[in-house]
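Enquirer: Dropping the structure in here first, questions after.
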Amino acid sequence: MILAGDVGGTKCNLALAEQSGQGFQIAFRRRYASRDYSRFDDIIAAFLRDARETIEGSPERKIVAAGFGVAGPVINERARLTNLVWAVDGPALRQQLGTEHVTVLNDLEATGYSLPWLAPDDLLALNAGSGVPRASQALIAAGTGLGEAILRWSGERYIVEPSEGGHCDLAPRTEKEIELLRHMKKTNTYVSFELILSGRGFLTIHQFLDPALRHPSFDQPNADPAVEITAHGLDGSCAVCVETLDLWTALYGAEAGNLALKALALGGMFIAGGIVTKILPKIKDGTFARAFREKSKFEDLLSKIPIRVLLNEEAPLLGAAAEAARALQN
């Protein structure tokens, strides 16, 4: 039995998986609110209690390997989450789980390693393109934060190179985006792409466009304004929400194009994260792809890069399980 985890600032998805032929079968899963726990060890302890029956009913009667995709940089098998105070520690998890086969990855690494295991209907083509076989690929994912990674062909498979590119400086392209940056500089010394290309970015843009217009969720402590803003933006019931969604999507496409140039991702660009599937009609309307390729002399090159959206939101779990299984075999 393999334990796989997708560990983020908002939630932790944990699952027990078994390798079955050319894929993985989930035997048990639970979701935990990250901020309800003071340590990751406590989440693991809760999961082990919840999954006891499934673990004891497995052929091995124990967890033989574990893999975790974590929203933060991984250094020496230890990751401190960017948007939380606690850490994920590989050696400590080996002791807690009773197995030497524990793999700690950046969450975008885990997502990248899921790509060979995805079914055809787990991917949606935004741009068919004409990808170059075994050329570099790139992955971008907006959710609680903004993750970025580059995939390089090793001669046997793609190796995922994690990054913290989402924390690079916001690069405005238009007069409106320049004004948005000025607006954000009033309350932020440092303005990164992640401050916009994340769930909290929708409220920031909306308040920039019209600070006087407020929706009910803006004043509800436990509500997520992004849900209301994107819903109104998609159905066209609020002009400011429509403009917010358009500006957010254009900036997302522009940064994806930046990453594609830096990686020279002629093998393809993959779009993941919890937001993209929720605003898919907007992602598909051409705004994203247009901003992606608007790069002066390189517009023709970028127009040929395949762009695919990951529809399977459990991709990080799948990639974490795959890397845990690989560690077990080696």
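Enquirer: Suppose every K and R has +1 on its Cβ and every D and E has -1 on its Cβ; what is the size of the dipole of the chain about the Cα centre, in Debye to the nearest 20? Kindly include the intermediate steps, with their values, before the conclusion.
Expert: Details: 34 positive and 40 negative charges, 71 e Å.
Rounded to the nearest 20 debye, it is 340 debye.
Enquirer: Can you tell me what share of the DSSP beta bridges in the chain is antiparallel? A percent to the nearest 5 is fine. All intermediate terms of the calculation are to be shown ahead of the outcome.
Expert: Numbers: 37 of 56 bridges.
Taking every DSSP beta bridge within the chain, about 65 percent pair in antiparallel fashion.
Enquirer: For the chain, find the longest principal axis of its Cα atoms and tell me its angle to the long axis of helix 315-329, 0 to 90°, nearest 10.
Expert: Between the helix axis and the principal axis of the chain, the angle is about 30 degrees.
Enquirer: Another one. Would you please classify the overall shape of segment 1-130 from the alpha carbon gyration tensor, given that a ≥ b ≥ c denote the square roots of the eigenvalues, rounded means a/c under 1.5, and beyond that prolate means a/b larger than b/c while oblate covers the rest?
Expert: Details: a/c = 1.79, a/b = 1.19, b/c = 1.51.
It is oblate, given that a/c is not under 1.5 and a/b is not larger than b/c.
Enquirer: List the GluC sites (Glu not before Pro) within segment 45-134 that fall in a DSSP loop (any state other than H, G, I, E or B) and whose Cβ has at most 16 other Cβ atoms within 10 Å. Don't skip to the end; give the middle numbers.
Expert: Numbers: sites: Glu53, Glu56, Glu60, Glu77, Glu100, Glu109; in loops: Glu60, Glu77, Glu100.
Those that pass, being in a loop and sparsely packed, are Glu60, Glu77, Glu100.
Enquirer: Quick one: Phe292, Phe218, fewest Cβ neighbours within 10 Å first, how do they rank? Don't skip to the answer; put the middle values down first.
Expert: Details: Phe292 27, Phe218 14.
Lowest to highest Cβ neighbour count: Phe218, Phe292.
Enquirer: If you don't mind, there's one more thing I want to ask. Can you give me the P(r) profile for segment 171-330? Cα pairs, bins 10 angstrom wide beginning at 0, each as a whole percent.
Expert: 10, 34, 33, 17, 5, 1
Enquirer: For the pair Leu213 and Asn188, how long in nm is the line joining their label points, each one 7 Å along Cα→Cβ?
Expert: For Leu213 paired with Asn188, the spin-label model returns 2.1 nm.
Enquirer: Additional query: What order do you get for Tyr37, Tyr32 when you list them from fewest to most C-beta neighbours inside 10 Å?
Expert: Values: Tyr37 17, Tyr32 20.
If I rank by nearby Cβ atoms, fewest first, I get Tyr37, Tyr32.
Enquirer: Report, in degrees rounded to the nearest 10, the 0 to 90 angle that the Cα long axis of helix 175-185 makes with the longest principal axis of the chain.
Expert: 60 degrees
Enquirer: With the crude spin-label approximation of a point 7 Å out along Cα→Cβ, what separation in nm comes out for Arg39 versus Ile178?
Expert: About 5.2 nm, to one decimal.
Enquirer: So, one more: Mind running the shape call on segment 103-220? Use the C-alpha gyration tensor, a ≥ b ≥ c as the square roots of the eigenvalues: rounded below 1.5 for a/c, prolate if a/b tops b/c, oblate otherwise.
Expert: Because a/c hits 1.5 or more and a/b exceeds b/c, segment 103-220 counts as prolate.
Enquirer: Relative to the present Cα-Cα distance, how much length would full extension add between Arg94 and Trp153 at 0.36 nm per residue of separation?
Expert: Numbers: separation 59, 0.36 × 59 = 21.24 nm, distance 3.00 nm.
Using 0.36 nm per residue and subtracting the Cα-Cα distance, I get 18.2 nm.
Enquirer: So for Val85, Val70, fewest C-beta neighbours within 10 Å to most, what's the order?
Expert: Details: Val85 9, Val70 28.
Ranking Val85, Val70 by Cβ neighbours within 10 Å, fewest first, gives Val85, Val70.
Enquirer: If Rh is defined by the Kirkwood formula over all Cα pairs and Rg also comes from Cα, what ratio Rg/Rh do you get for the chain?
Expert: On the way: Rg = 20.2 Å, Rh = 20.6 Å.
Ratio of gyration radius to Kirkwood radius for the chain: 0.98.
Just so you know, all these numbers are worked out from the coordinates, no wet-lab data involved. Note that the structure is a prediction, hence the values are computed from the model and not measured. No Cβ is skipped: glycine too gets one built from the backbone with ideal geometry, and neighbour counts run over all protein chains shown.
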